[in-house]
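*Asks:* The structure under discussion is supplied below as structure tokens; questions concerning it will follow.
The values are calculated or read from the model by the stated rules, or taken from the named source; none is laboratory data. The structure displayed is predicted, hence computed values, not measured ones. Glycine also receives a Cβ, built like all others from the backbone with ideal geometry; neighbour counts cover every protein chain displayed. Heads up: the accessible areas ignore ligands, DNA and RNA and are worked out on the full protein's heavy atoms, side chains in. Shrake-Rupley method; radii C 1.70, N 1.55, O 1.52, S 1.80 Å.
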Amino acid sequence: MATKKIERVIAPAGVHFVGDGFRVHNIIPGSQGLSMQRMSPFIMMDYNSPFYFAPREVPRGVGVHPHRGFETVTIAYKGKVEHHDSSGGGGVIEEGDVQWMTAASGVLHKEFHEKEWSRKGGEFQMVQLWVNLPAKDKMSKPKYQAIQNRAINKVMLPEHEGVVEVIAGEYQGTKGSASTFTPMHLLNVILKNNGKADFHFPAHFNTAILVLEGNISIDGTNVPVNNFALFENVGENFSIHASADSIILVLSGEPINEPIAAHGPFVMNTKQELIEAFQDFNEGKFGYLED
Ligand code: MN
């Protein structure tokens, strides 16, 4: 089995606000020429690196908006988010939890800091991924998976070097908690200083890591905190070596080799389907959700 090499390390781009509650670096597609296809099925990644929000009585966030054609996956590292959607899904995503929302044929949702958390304020750190759906599933029924941290299967690494939380897919035979439409692995890796973890993915899977805390290296290449490393689609194996207590999000997925037509909150295969998405939204076919 051959070694998988890093193709490029991408430093975090400038920040922008999504609504008033999420201060994010857009990493996929980002400003550095990474196409939506390059990391398919992971077509969008926003990273809210640690940011302090002052206490506020009225929670910050993003008001009611639609999605169609994909899934939104929110991984909470610090802070709490309250979510509601028009298919009846809802709840609070707490630290360590993952929310996997399948918008598919269409939902309206809203995402705000949880009320009590907002009152106290604090440090906020979160990842939001958009996971594409294959054409045959884009118009399937919306679905909501609230995955609490205690329900996430964990693999303890030897000699107390760390732990791998298997959000989706599998790691060393341990299955992930989320169900997915296409093959993918999504792992949250917590390593102690000097800890090491080994990974093995099919060569053609699009694979990358995001360093959320600490400092790591892969095959001698340093990947500093907040940086994203994209792998070549050659080779299967790599190891992450931590040179500080570190947290790393590892993504690897089979590319969905279909055309992408994306505009705002809709990700379809053709321009015609985008036009239909806007029409359906304007005609109220995404249901109703109170502001
Ligand atoms: Mn959204």
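*Asks:* Hey, any hits in the range 191-202 for a residue that's over 21 Å from Glu7 (Cα atoms), aliphatic (A, V, I, L, M), assigned to a strand (DSSP E or B) and touching a Leu at 6+ places or on another chain (Cβ under 9 Å)?
*Replies:* Taking the range 191-202 first, the residues over 21 Å from Glu7 (Cα atoms) are 191-195.
Applying the additional criterion that residues be aliphatic (A, V, I, L, M) yields 191.
So of that shortlist, the ones also assigned to a strand (DSSP E or B) come out as 191.
Checking which are touching a Leu at 6+ places or on another chain (Cβ under 9 Å) leaves us with 191.
Checked against the condition, which is being over 21 Å from Glu7 (Cα atoms), aliphatic (A, V, I, L, M), assigned to a strand (DSSP E or B) and touching a Leu at 6+ places or on another chain (Cβ under 9 Å), the range 191-202 yields at least one hit.
*Asks:* Consider only pairs whose beta carbons are under 9 Å apart and that are at least six residues apart or on different chains; among these, list those whose first residue lies in the range 277-288 and is open to solvent by less than 80 Å² (accessible area, probe 1.4 Å) and whose second residue is modelled with pLDDT under 90.
*Replies:* Correct list of pairs: Gly287/Ser87.
*Asks:* Identify all residues within the range 115-136 that are open to solvent by 20 Å² or more (accessible area, probe 1.4 Å) and either among the aromatic types (Phe, Trp, Tyr) or part of a helix (DSSP H, G or I) (or both); write none if there are none.
*Replies:* In the first step, residues of the range 115-136 are kept if they are open to solvent by 20 Å² or more (accessible area, probe 1.4 Å); the result is 115-117, 119-120, 123, 128, 130, 135-136.
Of everything in the range 115-136, those that are open to solvent by 20 Å² or more (accessible area, probe 1.4 Å) and either among the aromatic types (Phe, Trp, Tyr) or part of a helix (DSSP H, G or I) (or both) turn out to be Lys115, Glu116, Trp117, Arg119, Lys120, Trp130, Ala135, Lys136.
*Asks:* Please find, among Ser140, Ser87, the residue that is under 20 Å from Gln279 (Cα atoms), within 16 Å of the ligand (Cβ to nearest atom), assigned to a loop (DSSP other than H, G, I, E, B) and not aliphatic (A, V, I, L, M). Working first, answer last.
*Replies:* Values: Ser140 fails: within 16 Å of the ligand (Cβ to nearest atom).
Ser87 is the lone residue from the list that is under 20 Å from Gln279 (Cα atoms), within 16 Å of the ligand (Cβ to nearest atom), assigned to a loop (DSSP other than H, G, I, E, B) and not aliphatic (A, V, I, L, M).
*Asks:* Mind checking which pairs have a first residue in the range 237-266 that is closer than 24 Å to Ala2 by Cα and a second that is modelled with pLDDT under 95 and open to solvent by 10 Å² or more (accessible area, probe 1.4 Å), Cβ under 6 Å, 6 or more apart or different chains?
*Replies:* Close Cβ pairs satisfying both conditions: Asn237/Met1.
Residue by residue, here is whether (1) touching a residue at least 60 places away in the same chain (Cβ under 8 Å); (2) surrounded by fewer than 18 Cβ atoms within 10 Å (Cβ to Cβ) holds:
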{"site": "Ala2", "(1), (2)": "yes, yes"}
{"site": "Lys5", "(1), (2)": "yes, yes"}
{"site": "Arg8", "(1), (2)": "yes, yes"}
{"site": "Ala11", "(1), (2)": "yes, yes"}
{"site": "Phe17", "(1), (2)": "no, yes"}
{"site": "Phe22", "(1), (2)": "yes, no"}
{"site": "Ser31", "(1), (2)": "no, yes"}
{"site": "Ser35", "(1), (2)": "no, yes"}
{"site": "Arg38", "(1), (2)": "yes, yes"}
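*Asks:* Oh, and also: Please state which one of Val98, Val73, Val81 is aliphatic (A, V, I, L, M), at pLDDT 95 or above, away from the ligand (no atom under 14 Å from the Cβ) and open to solvent by less than 30 Å² (accessible area, probe 1.4 Å).
*Replies:* Val98
*Asks:* For the range 58-68, state whether one or more residues are more than 28 Å from Ile275 (Cβ to Cβ), crowded, with 22+ Cβ neighbours inside 10 Å, without any contact (Cβ under 8 Å) to a residue 60 or more places away in the chain and not β-branched (Val, Ile, Thr).
*Replies:* No, the range 58-68 has no match at all.
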